[in-house]
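Beneath this line is the structure, given in structure tokens, with notes to follow.
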Amino acid sequence: MDQFSLETLAIRAGYERTHEQENSEALFPTSSYVYESAQQAADRFSGEVPGNVYSRFTNPTVRTFENKLALLEGGEACVATASGMAAILACFMGTLSAGDHLVSSASIFGTTKVLFNKYLKKFGIDVTFVPQTDYQAWSNAIQPNTKALFLETPSNPLTEVADIMRLSKIAKAQGALLVVDNCFCTPILQQPLKLGADIVIHSATKFLDGQGRCLGGAIVGSQALVGEEVRGVIRTAGPTMSPFNAWVFIKGLETLALRMEAHSQRAQTLAEWLSEHPAVDRVFYPGLTSHPQYELAQRQQSAPGALLSFRVKGGREQAWSVIDATNMLSITANLGDVKTSITHPASTTHSRVDAVDREKAGITENLVRISVGLESIADIKRDLEKGLNHLVSNN
Ligand SMILES: *Cc1c(COP(=O)(O)O)cnc(C)c1O
């Protein structure tokens, strides 16, 4: 299937029809599998002969999702997990040990930060946080025991774009792994493994599902690291993806390319429109020429993606008034849905961050984040326009 494009692979690859000759992929809700003989059971348990044993290890529906995502990201192996957080945990349980050091971008998903600071530290893994795009800081943070570098790009909510190729050189010079959470771009917009990353993480909950139905995650990388080490953690510790969720994600992947293009087009239009609005102070979106990493984003991503944020003129009161004036948009911190969502990061996703640190990181009180969905752009604009126009007339 190597000659096929990503759109085709997402739809056609990674599945073997059963004897029923179904056109749509079958769902296998089974916990265990039966053997033709005691000998076959023994061979499967010993691992000498490949085949299904138990769905904590392998399941045909989950495997189809894993095969597809591995092909899309260009990795040898993919392991599916119960959530994005389970993927990040399993990745580092499989690749790090007590006494190791991790360097992470400071601009990562809040729960990932808690996982690193509270739980990895508890098991003797030390973490240093650095500014997402300060490459000198990444280099300076490297210690003799640094075993991995971690980031998301673009970041949430300020859409800072980090140079994956450049970070992969810093990682390689140290013999450390570069791990990229590719949740916001998906392989349709960005393939970190081709840019030198060693491992890609996904929260399938977001764009891979695309319609806000199921929790899931995945780790993609080499057979040795992901296929062996990380899979070992999952099959032993148990945060496996459910076959039903895998089936939903398989259906999600079929429309992923179309959706990511449509999300990006709408977000670009909305970002340009917001930039012109007199109530808006600044817009953060990698597709705007005013974005500090515009050139890099053009090179590294095939489109700018669905996420944007903007500062209104004023503070929290003004930001909240724009959010509260919407009727159609979903006021929720979730993202990656066909339904456009709007949130105030300072009081939701980043509310647990110390207020001074939060301001310093640019998550100001007047910042609003939008995950642009697939409704008509005219309707999305109209829903935002009420609150924004009201701010102008109040001044
Ligand atoms: C949501 C999210 C996660 C966590 O995924 P869950 O499926 O909610 O566990 C990790 N990374 C990023 C960038 C996310 O947006």
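A few comments on the model shown:
- Compactness of the chain, expressed as Rg and Dmax over alpha-carbon positions, Å: 21.7, 81
- Rounded tilt (10° steps) of 256-276 against the dominant C-alpha axis of the chain: 10
- Each Lys or Arg adds one and each Asp or Glu takes one away; over the other residues whose Cβ falls under 13 Å from the Cβ of VAL127, this sums to +3.
- Cα Rg, Dmax (largest Cα-Cα span) when computed across the stretch 257-393, Å: 14.2, 41
- Projecting the alpha carbon convex hull of the stretch 34-73 along each direction and taking the average yields 3.3 nm².
- Helix 60-73 vs. the chain, principal-axis angle (Cα, 0 to 90°, nearest 10): 60
- Applying 1/(1 + (r/R0)^6) with R0 = 22 Å to the Cβ-Cβ distance of ASN394 and GLU276 gives a FRET efficiency near 0.70.
- A simple count of charges around VAL49, restricted to other residues whose Cβ falls under 12 Å of its Cβ and scoring Lys, Arg +1 and Asp, Glu -1, yields -2.
- In order along the stretch 150-165, the Karplus-derived 3J(HN,Hα) couplings, from 6.51 cos²θ - 1.76 cosθ + 1.60 at θ = phi - 60°, round to 9, 7, 10, 8, x, 7, 10, x, 8, 6, 6, 9, 9, 7, 5, 4 Hz, and Gly and Pro are given as x.
- Note on the stretch 137-232: Rg/Rh from C-alpha atoms, Kirkwood Rh, equals 0.99.
- Footprinting exposure proxy for LEU195, LEU253 (fewest neighbouring C-beta atoms within 10 Å first): LEU195, LEU253
- Centre-to-centre, using Cα atoms only, the stretch 68-100 and the stretch 106-149 are separated by 17 Å.
- Distance between the stretch 252-274 and the stretch 3-55 - C-alpha centres, whole angstrom: 34
- Potential extension, ASP126-ALA26 segment - 0.36 nm per residue separation minus Cα distance: 31.6 nm
- Alpha-carbon centroid distance for the pair the stretch 155-213 / the stretch 358-381, whole angstrom: 21
- Shape of the stretch 20-96, Cα gyration tensor, a/c cut at 1.5: oblate
- Taking the number of Cβ atoms within 10 Å of each Cβ as an exposure proxy, the fewest-first ranking of TRP247, TRP320 is TRP320, TRP247.
- Once the Cα atoms are used to define both axes, helix 243-254 deviates from the longest principal axis of the chain by about 60 degrees.
- Taking label points 7 Å from Cα along the Cα-to-Cβ direction, SER37 and ALA237 give a separation of 3.9 nm.
Since every read-out is calculated from the coordinates, none of them should be taken as a lab result. These numbers were taken from a predicted model, which means no experiment stands behind them. Don't worry about glycine lacking a Cβ; one is built from the backbone with ideal geometry, like all the others, and counts go over all protein chains shown.
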